[in-house]
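The structure appears right after this line, and notes come after that.
Since every read-out is calculated from the coordinates, none of them should be taken as a lab result. These numbers come from a predicted model, not from an experiment. Because the Cβ atoms are built from the backbone with ideal geometry, glycine has one as well, and the counts that use them run over all protein chains shown.
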Amino acid sequence: MSEVRIANVCKEYPGHGAHDDAVLALERVNFEAKDHEFCSILGHSGCGKTTLLNLLAGFERPTRGQVLVDGQPVGKPTWERTIVFQDYALFPWMTVEQNIAFGLEMKKIPAQDREAIVSRHIDLVGLSGFEKRYPHQLSGGMKQRVSIARALAVEPHVLLMDEPFAALDAQNRAMMQEELGRMLASSDARQRKTMVLVTHSIEEAIILSDRIVVLTRRPGRVKANIEVDLPRPRSEADPRFIDLKMELRNLIHDEFQVEQ
């Protein structure tokens, strides 16, 4: 079981001087992501999406409320909750296979087992033949594939993703969404994780998600919590896809109008 629960969470950042007011980033946020569910957090810039992800990763603590995984409060960062960043965060002096193996070494997985796990995940993300390449020899899409493989290799209970495809061009972004969608549709239980994605892209959220949580402008509150019941793989030409896209666009547009 890897259920995520955000229970009445508030996060406030204190001011740094007499004239610097405290910033309330999140206020009374409540939602759950079920075991093996893919949940996207959607909203305007500055609404607290990344703050929420940092709380789940254990990088920060809530001011009030609880962040729970499997009913236990989230503590310090651990391999049980891995994160894929927008900027890849690969070690430039390590090859593809060494980058993927890094977390396994930290987890003290025996060398023989590491080799098999790394090989399986290189194949999973379509990088066979690039095992000995260094990050500077890879395209942006390839680098992000390495980041995803590294995060999945340690068999996390929860996979967190912070705008992982935002830096890619449209073609590579679509390709990465397709690859991740393929993994989500896989019958291999090892590939199915509880996943939480932060994104600005409505289309990306619909393509990948079982659940979409829309946040209000700051302080972030849950404006909508929508279950996505569309078959995979998903087509943007599907009328149900289009209807949901318009619903989400209107929810976010309403927040922009309030801000004006």
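Just give me the residues in the range 15-29 being surrounded by fewer than 17 Cβ atoms within 10 Å (Cβ to Cβ) and touching a strand residue (DSSP E or B) at 6+ places or on another chain (Cβ under 6 Å), in sequence order.
A22, V23, L24, R28
Go through the range 217-246 and give me each residue that's part of a helix (DSSP H, G or I) and either of a type in the set (G, A, S) or without any contact (Cβ under 8 Å) to a residue 40 or more places away in the chain (or both).
P239, R240, F241, I242, D243, L244, M246
Would you call E12 surrounded by fewer than 22 Cβ atoms within 10 Å (Cβ to Cβ), acidic (D, E) and not in a strand (DSSP E or B)?
The answer is no for E12.
Residues in the range 81-103: is at least one over 20 Å from R217 (Cα atoms), in contact with a Leu (Cβ under 8 Å, 6 or more places away or on another chain) and in a loop (DSSP other than H, G, I, E, B)? Show your work before the answer.
Of the range 81-103, the ones over 20 Å from R217 (Cα atoms) are 81-103.
Keeping just the survivors that are in contact with a Leu (Cβ under 8 Å, 6 or more places away or on another chain) gives 81-84, 96, 99.
When the remaining residues are screened for being in a loop (DSSP other than H, G, I, E, B), the result is none.
No, the range 81-103 contains no residue that is over 20 Å from R217 (Cα atoms), in contact with a Leu (Cβ under 8 Å, 6 or more places away or on another chain) and in a loop (DSSP other than H, G, I, E, B).
Tell me whether the range 20-31 contains one or more residues that are over 21 Å from V222 (Cα atoms) and out of contact with any Gly (no Cβ under 8 Å at 6 or more places or on another chain).
yes
Which residue is nearest to P219 (Cα to Cα), if the candidates are limited to the range 56-77 and must be touching a Leu at 6+ places or on another chain (Cβ under 8 Å) and not in a strand (DSSP E or B)?
Looking at residues that are touching a Leu at 6+ places or on another chain (Cβ under 8 Å) and not in a strand (DSSP E or B), I get P62.
Test V125 against the stated conditions and say whether it is crowded, with 20+ Cβ neighbours inside 10 Å, closer than 17 Å to P164 by Cβ, of a type in the set (A, V, I, L, M) and out of contact with any strand residue (DSSP E or B) (no Cβ under 7 Å at 6 or more places or on another chain).
Considered against the rule, which asks whether it is crowded, with 20+ Cβ neighbours inside 10 Å, closer than 17 Å to P164 by Cβ, of a type in the set (A, V, I, L, M) and out of contact with any strand residue (DSSP E or B) (no Cβ under 7 Å at 6 or more places or on another chain), V125 comes out as yes.
Please enumerate the residues belonging to the range 131-171 that are out of contact with any Phe, Trp or Tyr (no Cβ under 9 Å at 6 or more places or on another chain), surrounded by fewer than 18 Cβ atoms within 10 Å (Cβ to Cβ) and either among the hydrophobic types (A, V, I, L, M, F, W, C) or under 22 Å from E203 (Cα atoms) (or both).
Within the range 131-171, A166, D169, A170, Q171 qualify.
Taking the range 55-114 on its own, how many of its residues are of a type in the set (V, I, T), within 19 Å of E155 (Cα to Cα) and out of contact with any helix residue (DSSP H, G or I) (no Cβ under 6 Å at 6 or more places or on another chain)? Even if it seems obvious, please write down each step before you answer.
Step one: filter the range 55-114 for residues of a type in the set (V, I, T), giving 63, 67, 69, 74, 78, 82-84, 95-96, 100, 109.
Next, from what is left, pick out any that are within 19 Å of E155 (Cα to Cα): 69, 74, 78, 82-84, 96, 100, 109.
If we keep only those that are out of contact with any helix residue (DSSP H, G or I) (no Cβ under 6 Å at 6 or more places or on another chain) as well, we get 69, 74, 78, 109.
Residues in the range 55-114 being of a type in the set (V, I, T), within 19 Å of E155 (Cα to Cα) and out of contact with any helix residue (DSSP H, G or I) (no Cβ under 6 Å at 6 or more places or on another chain): 4 in total.
Go through the range 7-28 and count every residue that is hydrophobic (A, V, I, L, M, F, W, C) and touching a Leu at 6+ places or on another chain (Cβ under 7 Å).
Within the range 7-28, residues that are hydrophobic (A, V, I, L, M, F, W, C) and touching a Leu at 6+ places or on another chain (Cβ under 7 Å) number 4.
Determine if the range 92-108 includes at least one residue that is out of contact with any Lys or Arg (no Cβ under 7 Å at 6 or more places or on another chain) and touching a residue at least 60 places away in the same chain (Cβ under 8 Å).
no
Could you please find all residues in the range 15-44 being without any contact (Cβ under 8 Å) to a residue 12 or more places away in the chain and outside any strand (DSSP E or B)?
G15, H16, A18, H19, D21, A22
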